[in-house]
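Chemist: Have a look at this one.
The values are calculated or read from the model by the stated rules, or taken from the named source; none is laboratory data. Treat the numbers as computed from the prediction; the structure is a model and nothing was measured. Methodologically, a virtual Cβ is constructed for each residue, glycine included, from the backbone with ideal geometry; neighbour enumeration extends over all protein chains shown. Surface accessibility is based on the protein's heavy atoms, side chains included, excluding ligands, DNA and RNA. Shrake-Rupley method; radii C 1.70, N 1.55, O 1.52, S 1.80 Å.
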Amino acid sequence: MSAVDTLFLIACSGLVLLMTPALGMFYGGMVHRGNVLSTTINCTILFALLCVQWVILGYTLAFGDDVGQVVGNLNHIFLINIQDSMVGLVSENLFAFFQMLFAVIGAAIITGSFVERMRFGVLLIFILCWSTLVYDILAHWVWGGGWLMKIGSLDFAGGGVVHIAAGVAGLVGCLMLGKRKFRKGILPHSLPLSFIGAIFLWIGWLGFNTGSALSVNSVAVNAFLATNFAVAGAMISWVIIEWTKYGKPTLLGSITGIVAGLVAITPSAGFVTPFSAIAIGFLVSPICFFAISFMKSKLGYDDTLDAFGLHGVGGIWGGIATGLFATSSVNEIVSKEAVGEGLFYSGNFDLLFVQILAIIACFVLSAFVSFVVLKIISMFVPLRVEEAQEENGLDQSLHGEIAYR
């Protein structure tokens with residue numbers, strides 16, 4: 001065991017742990033003042049729920065011994081048989097905890113699509129089923145020895161496993177729930193709260209991406225740099241778009257650009273150069289801006305906090321960008337375990353094709369399972385809160401609390 005790598009991964013785990021409450025703050029500031037607490041608890045309660053799920057079943061499905069390149073077996077149920085094992089130069093116990101935090105933040109992202117109208121109990125049941133049947137399976141496909149890993153797809157820190165899958169689940173959920181009936185909170189009630197949440201997300205994301213190297217090495221340093229440079233590119237381009245279209249740059253736009261840049265660089269942070277990271281961030285903003293400002297209104301779905309528009313669409317671009325910009329000069333895995341370098345370095349489409357295939361796989365599995373699970377739940381209990389509860393706000397009607405007096 002390496003003491004340095006162990007301390008490094010413990011520190012990164014602490015940063016990733018910060019992301020879930022930070023997302024609650026980011027989301028909470030954007031809803032109506034009567035829903036800020038319910039929106040925040042939707043995120044934070046998932047840590048407790050998925051901790052238990054991960055220990056009992058999630059980790060072994062994701063990282064147990066491979067069964068048909070589809071799922072892990074049950075040899076690590078209740079986290080047995082890993083106490084004396086190593087992943088790289090760190091304890092497998094620590095690796096399991098670090099990976100659990102990815103499952104938590106992925107589930108928390110989903111909640112942004114249907115805040116202000118989904119029943120709390122329905123949310124918990126749906127997330128538990130989704131995490132088991134989608135997240136754990138995708139984690140095995142991409143990182144645990146599954147078929148996407150075998151064909152050479154690259155996803156450094158969860159662009160497909162976390163962001164595409166979560167964004168698509170959010171899209172399916174908001175479509176099945178229907179639009180909000182009372183849109184009093186169409187504008188953020190507290191931008192300072194969302195700003196604080198976005199900054200803590202940024203800080204936590206450094207652990208998310210950098211820690212995925214699992215060691216203190218050049219790949220970790222590159223991931224740290226690439227993450228920050230992508231944010232810079234995305235913020236600049238989002239502000240330019242807003243300034244050009246509306247005549248004024250906004251704080252909301254800049255923090256949205258932060259999140260878009262972080263999402264886009266996640267799958268490629270350990271595979272692309274810092275300059276490529278700037279380009280990836282710069283290009284993600286117009287793509288996500290189009291999804292949020294035009295595609296959502298044209299198609300008529302009510303993705304409350306744009307989980308699909310930011311995380312789903314941004315993750316799709318990030319996966320494609322990995323197929324364009326990945327280079328073995330940053331990480332030798334690109335030439336050893338993938339099908340080759342990105343299009344802009346190799347001149348061939350092999351890696352790009354594999355990345356697109358992985359994107360489709362993440363999209364289809366999450367969409368199918370999300371629809372089936374919600375459909376089954378709806379046969380026994382309504383998915384939405386009652387109309388009076390929605391009108392009065394969920395803080396008081398569901399949780400008996402008021403954020404502001």
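Chemist: Out of segment 1-23, which residues are within 25 Å of GLU116 (Cα to Cα), in contact with a Gly (Cβ under 7 Å, 6 or more places away or on another chain) and open to solvent by less than 20 Å² (accessible area, probe 1.4 Å)?
Modeler: Answer for segment 1-23, where residues must be within 25 Å of GLU116 (Cα to Cα), in contact with a Gly (Cβ under 7 Å, 6 or more places away or on another chain) and open to solvent by less than 20 Å² (accessible area, probe 1.4 Å): MET19, ALA22, LEU23.
Chemist: Only one of (1) over 30 Å from LEU394 (Cβ atoms); (2) in a helix (DSSP H, G or I); (3) open to solvent by 30 Å² or more (accessible area, probe 1.4 Å) is not met by ILE203, so which one is it?
Modeler: (1)
Chemist: Can you name the number of the only condition in (1) surrounded by 13 or more Cβ atoms within 10 Å (Cβ to Cβ); (2) part of a loop (DSSP other than H, G, I, E, B) that PRO382 fails?
Modeler: (1)
Chemist: Of the residues GLY58, GLY34, GLY14, GLY24, only one is among the small types (Gly, Ala, Ser), within 24 Å of THR111 (Cβ to Cβ) and at pLDDT below 95; which? Reasoning before the result, please.
Modeler: Details: GLY58 fails: at pLDDT below 95; GLY14 fails: at pLDDT below 95; GLY24 fails: at pLDDT below 95.
Exactly one of GLY58, GLY34, GLY14, GLY24 is among the small types (Gly, Ala, Ser), within 24 Å of THR111 (Cβ to Cβ) and at pLDDT below 95, namely GLY34.
Chemist: Then there's this: Mind listing whichever residues of segment 37-59 are in contact with a Phe, Trp or Tyr (Cβ under 8 Å, 6 or more places away or on another chain) and open to solvent by less than 10 Å² (accessible area, probe 1.4 Å)?
Modeler: SER38, THR39, CYS43, GLY58
Chemist: To continue, here is another question. Find all pairs meeting these conditions: Cβ atoms under 6 angstrom apart; at least six residues apart or on different chains; first residue within segment 311-327 and closer than 13 Å to VAL161 by Cβ and hydroxyl-bearing (Ser, Thr, Tyr); second residue open to solvent by 10 Å² or more (accessible area, probe 1.4 Å) and in a helix (DSSP H, G or I).
Modeler: Partner pairs satisfying both residue conditions: none exist.
Chemist: Does VAL339 fit the bill of being surrounded by 19 or more Cβ atoms within 10 Å (Cβ to Cβ) and assigned to a helix (DSSP H, G or I)?
Modeler: Details: surrounded by 19 or more Cβ atoms within 10 Å (Cβ to Cβ): yes; assigned to a helix (DSSP H, G or I): no.
Against the criterion (surrounded by 19 or more Cβ atoms within 10 Å (Cβ to Cβ) and assigned to a helix (DSSP H, G or I)), VAL339 does not qualify.
Chemist: Please go through segment 330-359 and pick out each residue that is small (Gly, Ala, Ser) and modelled with pLDDT of 95 or more.
Modeler: Initial filter on segment 330-359 (small (Gly, Ala, Ser)): 335, 338, 340, 342, 346-347, 358.
Those that are small (Gly, Ala, Ser) and modelled with pLDDT of 95 or more: GLY342, ALA358.
Chemist: Taking segment 123-161, which residues are open to solvent by 40 Å² or more (accessible area, probe 1.4 Å) and among the aromatic types (Phe, Trp, Tyr)?
Modeler: From segment 123-161, those open to solvent by 40 Å² or more (accessible area, probe 1.4 Å) are 124-125, 128-129, 133, 143, 147, 149-151; that's our starting set.
Those that are open to solvent by 40 Å² or more (accessible area, probe 1.4 Å) and among the aromatic types (Phe, Trp, Tyr): TRP143, TRP147.
Chemist: Could you tell me which residue of segment 262-277 is farthest from TYR345 (Cα to Cα), considering only residues that are within 18 Å of the chain's Cα centre (by Cα) and part of a loop (DSSP other than H, G, I, E, B)?
Modeler: THR266
Chemist: Right, next: In contact (Cβ under 8 Å) with a residue 24 or more places away in the chain, closer than 29 Å to GLY29 by Cα and open to solvent by 20 Å² or more (accessible area, probe 1.4 Å): does that describe PHE371?
Modeler: So PHE371 passes the test.
Chemist: With the requirement that a residue be touching a Leu at 6+ places or on another chain (Cβ under 6 Å), hydroxyl-bearing (Ser, Thr, Tyr) and either open to solvent by less than 10 Å² (accessible area, probe 1.4 Å) or assigned to a helix (DSSP H, G or I) (or both), what does segment 286-336 give you?
Modeler: THR322
Chemist: Also: What about PHE126, is it on the phi > 0 side of the Ramachandran plot and either of a type in the set (Lys, Arg) or in contact with a Ser or Thr (Cβ under 9 Å, 6 or more places away or on another chain) (or both)? Outline the logic, then answer.
Modeler: Working: on the phi > 0 side of the Ramachandran plot: no; either of a type in the set (Lys, Arg) or in contact with a Ser or Thr (Cβ under 9 Å, 6 or more places away or on another chain) (or both): yes.
Here the answer is no, as PHE126 does not meet what is asked.
Chemist: Same structure again: If you scan segment 60-99, which residues turn out to be assigned to a helix (DSSP H, G or I) and open to solvent by 10 Å² or more (accessible area, probe 1.4 Å)? Give the derivation first.
Modeler: Keep residues of segment 60-99 that are assigned to a helix (DSSP H, G or I), which gives 60-63, 77-79, 92-99.
Answer for segment 60-99, where residues must be assigned to a helix (DSSP H, G or I) and open to solvent by 10 Å² or more (accessible area, probe 1.4 Å): LEU61, PHE63, ILE77, PHE78, LEU79, GLU92, ASN93, LEU94, PHE95, PHE97, GLN99.
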